[in-house]
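Here the structure is laid out as structure tokens; the discussion comes afterwards.
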Amino acid sequence: MTGQYYQQPYGIPPEVDSVKSLVRIAGIFGIIAMVIGIIVTAILFMILWPLALIGVLTILLGYVFYDNCKKINEMVDQGQYQQAKSKTLIWTIVGLIFLNIIPGIVLLIAYLKFDDLMNPSRGYGYMPAPPQYATPPPQTPQRLCLNCGQQIAANYNNCPHCGKQVKQ
């Protein structure tokens, strides 16, 4: 349909899907970190069991990362964009430092997409549907008050501006 704005059901901005997909992908990297942690734990447990703590920490961090990605998406679903953006920044840093650079970069991209979501004037943000144009209300006939010179409705007996009786 030409000349109409794209609008998702219930007034949801289209950037929501983009942000949620990126956060979901970052969460998958958290699951991958958990799997790697399980493998590392198994190997280190056989070699030197005290080092198996490294694998256990990787498992825990991967789970917490994944769980927080789910919470970010829940915040987005509830329209809490500012809180979700702040939480995304925190977990971007955690992902870059502790997990791997890839989940951190994915969350960084999601963090940047929040700007388009929260401030539609910045780019190709959400545009609400245009108002429905109705016919303007009919104009009442006007005339001038001979006392004060203001426009008044033709059916007034007294001027609302000066209060004097209007001569017919």
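Taking label positions 7 Å along the Cα-Cβ direction at both Ile28 and Gln150, the computed distance is 6.9 nm, reported to one decimal.
Its residue count N sets the reference 2.2 N^0.38 Å, and the alpha-carbon radius of gyration of the stretch 14-120 equals 1.18 times that reference.
Using the Cβ-Cβ distance between Ser86 and Val56 with R0 = 35 Å, the FRET efficiency computed as 1/(1 + (r/R0)^6) comes to roughly 0.75.
Here, each number is a calculation from the coordinates, and none is a lab measurement. The shown structure was predicted, so the numbers you read here are calculated from the model rather than taken from an experiment. Glycine also receives a Cβ, built like all others from the backbone with ideal geometry; neighbour counts cover every protein chain displayed.
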